[in-house]
1. Does Ala33 satisfy the criteria of being small (Gly, Ala, Ser), touching a Phe, Trp or Tyr at 6+ places or on another chain (Cβ under 7 Å) and surrounded by 19 or more Cβ atoms within 10 Å (Cβ to Cβ)?
2. Take the residues of the stretch 87-109 that are part of a loop (DSSP other than H, G, I, E, B) and of a type in the set (A, V, I, L, M, F, W, C): which is modelled with the lowest pLDDT?
3. Just for the stretch 45-77: of the residues that are under 13 Å from Gly19 (Cβ atoms) and of a type in the set (Asp, Glu), which one is surrounded by the fewest Cβ atoms within 10 Å (Cβ to Cβ)?
4. Hand me the list of helices (runs of 4 or more DSSP H) wholly inside the stretch 1-86 holding 2 or more residues that are in contact (Cβ under 8 Å) with a residue 60 or more places away in the chain and either hydrophobic (A, V, I, L, M, F, W, C) or touching a strand residue (DSSP E or B) at 6+ places or on another chain (Cβ under 7 Å) (or both).
Amino acid sequence: MEPLDLSKQPPRSPHVKIGGVMMLARTIDKMRAGLPGGNMGSYRVPGFSTRLLDGIGIDADELAAVIARADSEDDVVTWVRAHADTTKFDEVNRRLAARSIKDIEPERL
């Protein structure tokens with residue numbers, strides 16, 4: 001996948017669902033910004049993205065490696081669905097929908 005420059009355009013909304021889970025599109029955007037040639041701008045992966053990945057049983061470094069070698073977002077979503085605990089998607093979606101930036105510990109911001 002191509003790197004993104006998040007200083008020019010923000011990542012997708014946390015409410016966008018792909019593969020049946022919220023926050024995944026935004027997490028992919030942020031990880032694409034971390035690729036060589038990308039720019040994270042003021043964004044970081046730790047925070048809600050980490051909560052999503054922990055909740056569905058995906059390692060952030062492993063996902064970043066998948067994104068780096070993927071040809072398309074569909075490839076990433078297929079990999080996530082094959083490696084995540086999909087039974088947790090509804091629970092994670094409910095938790096993410098109910099949270100706000102106030103819910104993240106200051107040291108994780």
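The values are calculated or read from the model by the stated rules, or taken from the named source; none is laboratory data. All of these numbers come straight from a predicted model, not from anything done at the bench. With ideal geometry, Cβ positions are generated from the backbone for all residues, glycine too; neighbour counts draw on all protein chains shown.
1. yes
2. Selected residue: Leu109.
3. Selected residue: Asp74.
4. 60-69, 73-83
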